[in-house]
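Colleague: Have a look at this one.
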Amino acid sequence: MLKKLFKRLLLIVTLLTSSTACADVLQLQFKDYIIGGHRTLDLHQALFEQHQVDIDKIQIEKIDVVIKSRSGGGQIWLGSGYSKTDVRIVPGQAANFNNPADWTFSHVVFLFNGAVSKPQLNLNGQFKLREIVVYTADYADSDNTVTNTSDNISIGLPMFHLNLIGLNSINLKQLLASDAGLNLDEYDIQSIEVLAKSRDGSAKVWLESGFETSEKQTVEGLAQVFDSNEPDTYGSSYLTVRKINNHTVPWLLKFDGEIKLHEIIVKLVPR
């Protein structure tokens, strides 16, 4: 019964442009559908059945998943259900799970750098899914295949459950240069996602670079799961960063409180 209902909901798709026009944005509405356990959404099937869009004739640039999890520990990732190579932790609070307000939902964005062999979204946990927005670039009407010309980069820096106490900082510029081998004189930070938890739920994280300081974000957490290394015990804090004009200063990710770090995901844009 649940499987039939889920399939039926996949068919509830709003077509923003006609099927013969170049599609830039396609919205898949799920109307706060509750998902429990492990489920897989086939984006290929949904786009073909409801938009008459052949995925071989479009290029998906990114998808924006508007979602929340019951207790802030749900996992979502793209591709094979068994790969879990880019797992994201979906924020959420039990007290706000039944609240329909927009601010209780999070936007989890996946970038597509070229073709994707398995355009599937996997979910593991208990969620409310509001919508999935698919951003595409159509190349079917051209003799030349259009490739993704965006040089935006998303880099995951595993922290291996690093435990920090008090006031600490991580030099992101140094870490990115050594781990990713990038020339950071050519990039600016667009955003930072910190997968972390604090013992008392009140720790803070922010970015400092010269005289530029981002808004401080709270690192949530519960004492009873603080010592666990399970991925679903971590939540996400998102930092939006203004353009840093002084390119010689370090990018210092600052922490205040007792914190455990799982991963730092940095999105970079070319200068």
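Colleague: Which of the residue pairs K197/K243; K173/K254; K62/K243; K62/K204 have a Cα-Cα distance greater than 20 Å in the structure shown?
Modeller: Violating the 20 Å limit, Cα to Cα: K197/K243; K62/K243; K62/K204.
Colleague: Taking θ as phi - 60°, what are the ³J(HN,Hα) couplings along segment 254-262 by the Karplus curve (6.51, -1.76, 1.60), each to the nearest whole Hz, with x for Gly and Pro?
Modeller: Running phi through 6.51 cos²θ - 1.76 cosθ + 1.60 with θ = phi - 60° gives 9, 10, 9, x, 9, 10, 10, 9, 9 Hz.
Colleague: Taking a probe of 1.4 Å, how large is the accessible area per residue of segment 169-271, in Å²?
Modeller: On a per-residue basis, segment 169-271 sits at 49 Å².
Colleague: Relative to the Cα centre, what is the charge dipole magnitude of segment 189-271, using +1 at the beta carbon of each Lys and Arg, -1 at the beta carbon of each Asp and Glu, and rounding to the nearest 20 debye?
Modeller: My answer is approximately 440 debye.
Colleague: Okay, next question. Considering amide H positions built from the backbone, and no H for Pro or chain starts, which residues 5 or more places from Q190, or on another chain, come under 5 Å of its amide H?
Modeller: K267, L268, V269
Colleague: Oh, and also: Report, by chain and number, residues whose modeled amide H sits under 5 Å from the one on G92, excluding near sequence neighbours (fewer than 5 apart, same chain).
Modeller: S69, G72
The values are calculated or read from the model by the stated rules, or taken from the named source; none is laboratory data. If you're wondering where the values come from, they're calculated on a predicted model, not measured in any experiment. Cβ: placed from backbone, ideal geometry, glycine included. Neighbour counts: every protein chain shown. Only protein heavy atoms, including side chains, enter the accessible area calculation; ligands, DNA and RNA are left aside. Shrake-Rupley method; radii C 1.70, N 1.55, O 1.52, S 1.80 Å.
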